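Peer 1: The structure follows.
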Amino acid sequence: MQAIFEAIKQTAIEIQNLIEQGDTSKSEQENSTGDTQLKLDIKSDLVIEKIFADVKCIKQIVSEEQEAIKHLHDDGKYLIAYDPLDGSSLVDVNLSVGSIFGIYENSFEGKNIVAAVYVVFGPRVELIIAQDDVKMYRLLNGSFEFIQTLKLQQKGTLNAPGSTQMCWEPYHKQLIDDMFNETYTMRYSGGMVPDLHQILIKGGGLFSYPGTTDKPKGKLRQLFEVFPFAYTFEKAQGAAVDGKQRVLDIPTEHIHDTSPAFFGSCDEINRVLKVYKNHG
Ligand code: AHG
């Protein structure tokens, strides 16, 4: 597993260099979800694939930017699903973006995730590894140095409500409104990596991307986005649910399946479960 973490550190340094080169133009290609890919998405994807190809313990990889699973090493133990550059359209406006990696054994399913890593490309580059606990490293003078262990409080102060409000179910709108009418502060950039990172660093709160009238199964992809962050939040002593159940218990039928997702500290997640229990 250590070889995978070292490889991801290398990808982070190379992707940071790509971001700094400043090419945010569109390519001619679409990804499997139908989004037009930026050249930066494609280049970041290639960087990761090339670096992972040399890591013998990786059996298979699958990228959010690609249609199918790729086989790497017969004797490999781990399967990695990754989003090379989540929120890449935010590079244009100079907001933070990130890479997300879910590391699985046996099959690409939430119940089989064994570690998660994400990288935040902001004013600083930070890399977070969730395994037994959640450790944050920062890129300083060309190498990643340990900074702190991230742990959520029982209850937080931040509220990050995703998706289009006109498509929210009334009970979801009520939940979000109620939180704002209490002491919660709005924090939402449109990039799940920095938005969830902020909740983890600042002790807690709620990030929601619900099922909506136009997208009943939400937008966030299980293997590349939802499961890695669900694992990270659980290891940081928080929780992640789809409204009814723990997201890591949801079966995956197709690699690009999406799921409604709520990540947060325990009090906020219990509140979501209470509201959603009687709906849907
Ligand atoms: P994309 O991968 O298409 O850039 O989407 C980013 C994701 C995620 O990072 C973010 O939380 C969410 O989309 C934002 O979506 P909304 O604008 O619908 O809230």
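The values are calculated or read from the model by the stated rules, or taken from the named source; none is laboratory data. Every value quoted in this text rests on a predicted model; they were computed, and no experiment measured them. Glycine gets a Cβ as well: all are built from the backbone with ideal geometry, and neighbour counts include every protein chain shown. The area values use the complete protein model at the heavy-atom level, side chains included, leaving out ligands, DNA and RNA. Shrake-Rupley method; radii C 1.70, N 1.55, O 1.52, S 1.80 Å.
Peer 1: Calculate what fraction, in whole %, of the accessible area of the range 2-149 sits on carbon and sulfur atoms when a 1.4 Å probe is rolled over the protein chains.
Peer 2: That fraction is 45 percent.
Peer 1: For labels at residue 106 and residue 188 in the simple 7 Å Cα→Cβ model, what's the distance in nm?
Peer 2: If labels sit at residue 106 and residue 188, their model points lie 3.7 nm apart.
Peer 1: Follow-up question, since we're still on this one. Fully extended, how many nm does the chain gain between residue 181 and residue 274 (0.36 nm per residue separation, minus their Cα-Cα distance)?
Peer 2: 31.7 nm
Peer 1: If you roll a 1.4 Å probe over the heavy atoms of the protein chains, what accessible area per residue do you get for the range 1-144, in Å²?
Peer 2: Dividing the accessible area of the range 1-144 by its residue count gives 45 Å².
Peer 1: Also: Quick check: Cα centre of the range 124-162 to Cα centre of the range 168-194, how many Å?
Peer 2: Distance between centres, Cα-based: 22 Å.
Peer 1: Here's another thing I want to ask about it. Each residue of the range 214-223 in order: what ³J(HN,Hα) in whole Hz does its phi give by Karplus 6.51 cos²θ - 1.76 cosθ + 1.60, θ = phi - 60°, with x for Gly and Pro?
Peer 2: So the Karplus estimates, Gly and Pro as x, are 8, 9, x, 9, x, 10, 6, 7, 4, 5 Hz.
Peer 1: Here's a follow-up. Heavy atoms only, probe 1.4 Å: what % of the accessible area of the range 167-271 goes to carbon and sulfur, would you let me know?
Peer 2: 48
Peer 1: List the DSSP H helices in the chain whose Cα atoms stretch 27 Å or more along the helix axis and whose mean Kyte-Doolittle hydropathy is at least 0.0.
Peer 2: 2-21
Peer 1: With N residues in the chain, what two-decimal value do you get for its Cα radius of gyration over 2.2 N^0.38 Å?
Peer 2: In units of the globular-protein estimate, the chain measures up at 0.95.
Peer 1: Can you tell me the relative contact order of the chain? Whole percent, Cα pairs under 8 Å, sequence separation 6 or more.
Peer 2: Relative contact order comes out at 15 percent.
Peer 1: Would you compute, from DSSP H runs of 4+ residues alone, the mean residue ellipticity of the chain at 222 nm, taking -39500 (n - 2.57) per run and dividing by the full residue count, rounded to the nearest 500?
Peer 2: Here the helix-only value at 222 nm equals -8500 deg cm²/dmol.
Peer 1: Could you report the range 158-279's accessible area per residue, 1.4 Å probe, as an integer in Å²?
Peer 2: I get 41 Å² per residue for this part.
Peer 1: What base-10 log of the normalised intensity I(q)/I(0) is obtained for the range 43-88 from the Debye formula, alpha carbons as equal point scatterers, at q = 0.31 Å⁻¹?
Peer 2: Taking Cα atoms of the range 43-88 as identical point scatterers yields -1.19.
Peer 1: OK, next. Give the value in nm², to one decimal: projected area of the alpha carbon convex hull of the range 2-149, averaged over all directions.
Peer 2: Its Cα hull, projected and averaged over all orientations, spans 8.8 nm².
Peer 1: Also, I was wondering about something else. Tell me, what HN-Hα J-couplings in whole Hz come from the Karplus equation 6.51 cos²θ - 1.76 cosθ + 1.60 at θ = phi - 60° for each residue of the range 153-165, using x for Gly and Pro?
Peer 2: 7, 4, 9, x, 10, 9, 10, 10, x, x, 6, 8, 4
Peer 1: At what distance in nm do the modelled label points of residue 244 and residue 167 sit from each other, each positioned 7 Å from its Cα along Cα→Cβ?
Peer 2: The two pseudo-label positions are separated by 2.0 nm.
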